[in-house]
Amino acid sequence: MISKKIILTGSFGVGKTSLFNQFIFNQFDDKYLTTIGVKVNKKNIEVDGEEVSLLVWDIAGEVSQDKVPHSYFLGASGIIYVFDLTRPSTYKNIQGDIDYLKEMVKGAEIRVVGNKSDLVSENQVTEIKEGIDYPWDIITSAKTGENVNELFLSLGKAFLE
C-alpha cells in the first residue's frame, strides 16, 4: 500500500472543510466554522485493486497567506485547490495561486475544483467556465456528495501512474 499526503487549500468559505468531512466521514454540516490551523485525517481508498492511503490536510486560510506555515505543504503529493462557484472573488486569482503552489510544492498533482454545484445551474457553470482563464478539473458539492469521492479517486489513480 502506498501513502500520500493531500492538501486542501483555497480561499476562506469555499467548502474545504465540508469536502474534507464529506470524503472522510460522509457528513455535511450547514454551520460554517472557520478552520484554525489544520485538520488532518486519513482514509484508505481502493484504486484498480490496489489500496492507497490518503492523508488529507484541511488547511485554514488563503493559499499565499503568510499566516499559513509553509511547513504544512512539505511532503505533499497532491493539492486540491477549491473555489466557490457562487463567489467570483474566490476564482479570480486561480492562475496566480496555482503558480504559487507549483513553486512551493514541485511535482505535486493538482486538482482545481469548483465547489457548491448544488447552488448553481448548468448555465451558470458554463458562464463561469468561460470566465476563468485557467482549466479546472471537476465540479463538486460537499453538501450532496456529488463528485467528492471521484475527486479523491482521481488523485489516487494519478499517484499509481
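Residues of segment 71-108 that are within 16 Å of residue 19 (Cβ to Cβ) and open to solvent by 50 Å² or more (accessible area, probe 1.4 Å): 86, 87.
How many residues, within segment 130-143, are touching a residue at least 60 places away in the same chain (Cβ under 8 Å) and open to solvent by 30 Å² or more (accessible area, probe 1.4 Å)? Quick ask: steps written out before the conclusion?
Initially, segment 130-143 is screened for residues touching a residue at least 60 places away in the same chain (Cβ under 8 Å), giving 140, 142-143.
If we keep only those that are open to solvent by 30 Å² or more (accessible area, probe 1.4 Å) too, we end up with 143.
Total satisfying the criteria: 1.
If the condition is being open to solvent by 80 Å² or more (accessible area, probe 1.4 Å) and in a strand (DSSP E or B), then segment 4-49 contributes 42, 46. Give me a count of the residues in segment 77-120 that are of a type in the set (A, V, I, L, M), more than 21 Å from residue 5 (Cα to Cα) and either in contact (Cβ under 8 Å) with a residue 40 or more places away in the chain or in contact with a Gly (Cβ under 6 Å, 6 or more places away or on another chain) (or both). Count: 2.
The values are calculated or read from the model by the stated rules, or taken from the named source; none is laboratory data. These numbers were taken from a predicted model, which means no experiment stands behind them. Here the Cβ is made from the backbone with ideal geometry for all residues, glycine too, and neighbour counts use every protein chain on show. Keep in mind that these areas ignore ligands, DNA and RNA; they rest on the heavy atoms of the full protein, side chains included. Shrake-Rupley method; radii C 1.70, N 1.55, O 1.52, S 1.80 Å.
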